[in-house]
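Since the structure comes first, as structure tokens, the remarks are kept for the end.
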Amino acid sequence: MRHVTFIRPNIADMRSGDAMEPLVFAILASRTPRDVAVTLYDDHIEEIPYDQATDLVAITVDTFSARRAYQIAAEYRRRGVRVVMGGHHATLLPEEALQFCDSVVTGDAEGAWEALVEDARHGRLARVYAGAKGEHLEGPLPDRSIFRGKRYAPIALVQYGRGCRFACDFCSVHAFYGERLAHRPVADVVAEIRNLDRRLVFFVDDNIFSSLAAAEELLRAIRPLGIRWVCQASIDVARHPRLLPLMAESGCIALLVGFESLDERNLAQMNKPWNVRGSSYADAIRRIHAHGIMIYGTFVFGYDHDTRDAFDATVDFAIDSGFFLANFNPLTPTPGTALYRRLGEQQRLEYPTWWLDPDYRYGRAIFSPQGMTTDELTAGCLHARRRFYGYATMLGRLRKAPRQVLRPYNLGLYLLSNTISRREILRKQGRALGPPPGLEAKREPA
Ligand code: SF4
């Protein structure tokens with residue numbers, strides 16, 4: 001075997017204007033023997049040249065991109081190329097993925113990928129390579145040479161840890177890792193950042209504040225590096241007296257926080273009551289902003305105590321809070337989560353396998369909520385996004401933002417990211433997932 005092609009599928013056969021580098025393939029490239037060439041094709045930014053010769057195709061699959069991934073796999077297999085899959089969706093539903101590919105890597109790829117490549121070199125492939133979860137994270141630095149010449153957002157994705165100490169009922173991270181938490185050696189992370197040609201970093205950890213000791217160790221180590229960075233963190237990061245100052249000193253400019261709901265009964269139902277434990281949202285927001293850190297707030301709608309009034313109330317809150325970005329999503333039951341099981345048991349899933357359903361459209365609510373109709377849930381989320389990303393509202397939000405965050409660099413980022421988010425949200429809404437009509441993914445006969 002001389003050549004492996006990596007593929008990142010989009011939700012459909014479409015290009016996106018906000019694509020970031022798919023870190024997983026830089027990790028796989030670094031763990032592929034030097035005598036095997038690797039190439040990446042990213043459905044988000046380029047056409048896939050199916051006829052280009054290759055010996056093996058590796059596709060990462062998340063639930064939204066599953067139908068498109070299966071179609072891409074069918075195209076390669078029609079040409080006699082072996083296809084392997086990994087990622088969250090393939091891990092949670094390996095038997096489904098195996099109907100469309102030759103082999104599945106479950107769990108983390110580290111360790112399992114090396115074994116798979118070795119087998120492929122000898123002309124054999126097992127059906128399943130069971131990777132560990134949250135182990136073997138030490139090792140070679142990601143090989144970003146596969147991104148060369150591709151038009152990605154000018155931000156480098158770096159990962160320090162995997163897993164989260166919480167168990168929100170809708171969360172696929174918890175479904176994937178369970179209670180496991182793992183971190184790379186800080187020295188590896190520092191070496192990786194020193195090697196980057198970009199000075200804006202996105203720590204893609206599911207929750208950078210999964211361990212206080214680990215978070216502090218990282219922040220102290222990256223403080224001298226002179227980068228700017230953004231991350232995802234649980235809101236209790238704002239309640240710890242040492243973390244916010246350390247984050248600001250080490251270059252943190254923005255934080256993605258899952259507020260999810262303004263209704264405490266919904267937070268209890270999703271197993272996230274701790275979101276408002278110890279301090280209110282207003283208090284946490286004030287503390288984060290006071291350190292010059294912008295907030296990207298995410299919200300979900302459709303828990304049992306949401307009514308139609310929730311949409312405008314939540315958008316008002318996000319505007320008044322001066323958030324630089326926000327997401328307003330219909331609650332999405334993904335396979336493997338407690339939410340998916342509960343809604344299934346209650347027979348409330350209108351599209352039980354929505355990721356495969358040719359009738360499902362991106363942005364549409366998937367289940368019957370209690371406090372409104374399914375259509376109202378779909379329309380309410382779209383209304384919330386349109387309101388938040390209206391041009392007048394974008395400027396109005398700037399006036400609400402505290403002066404500590406209104407530095408020139410942040411202002412540039414604000415304008416750019418809001419414009420892109422507005423465009424991409426509206427482009428995706430209502431899209432059919434996966435292949436265009438007439439190009440259905442082919443399952444292998446049993
Ligand atoms: S805090 Fe975030 S990453 Fe952790 S379980 Fe909840 S939603 Fe998932």
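Details
- Gyration tensor verdict on the stretch 100-183 (Cα atoms; rounded if a/c is under 1.5, prolate if a/b is larger than b/c, oblate otherwise): oblate
- In the chain, the portion of solvent-accessible area held by carbon and sulfur atoms comes to 51 percent [1.4 Å probe, whole percent, DNA, RNA and ligands not counted].
- Two-decimal Rg to Rh for the stretch 370-431 - Kirkwood Rh, Cα set: 1.09
- Take each peptide in 220-228, 317-325, count the other Cβ atoms within 10 Å of every residue, and average; sorted highest first, the result is 317-325, 220-228.
- Shape of the stretch 311-446 from the C-alpha gyration tensor: prolate (a/c of 1.5 or more and a/b above b/c, with a ≥ b ≥ c the square roots of its eigenvalues).
- By the compact-protein rule of thumb, 2.2 N^0.38 Å, the alpha-carbon radius of gyration of the chain corresponds to a ratio of 0.97.
- Taking one quarter of the surface of the C-alpha convex hull of the stretch 208-320 gives a mean projected area of 6.9 nm².
- Antiparallel bridges, percent of DSSP beta bridges restricted to the stretch 212-315 (to nearest 5): 0
- Using a cutoff of 8 angstrom between alpha carbon atoms and counting only pairs six or more residues apart, the relative contact order for the chain works out to 15 percent.
- Where the chain is the region considered: accessible area per residue in Å², 1.4 Å probe: 41
- Set of aspartates and glutamates near LYS400 by C-alpha distance (under 18 Å), chain-local residues within fewer than 8 positions excluded: ASP283, ASP312, ASP316, ASP320
- Annotation: aspartates and glutamates with alpha-carbon distance below 13 angstrom to LYS428 (same-chain offsets under eight excluded): ASP13, ASP18.
- Taking every C-alpha pair closer than 8 Å and separated by at least 6 residues, the mean separation divided by the residue count of the stretch 284-333 gives a relative contact order of 51 percent.
The values are calculated or read from the model by the stated rules, or taken from the named source; none is laboratory data. Computed from a predicted model, the values in this text were never measured in an experiment. Glycine also receives a Cβ, built like all others from the backbone with ideal geometry; neighbour counts cover every protein chain displayed. Note: accessible area is taken over every heavy atom of the protein model, side chains too, but ligands, DNA and RNA are not part of it. Shrake-Rupley method; radii C 1.70, N 1.55, O 1.52, S 1.80 Å.
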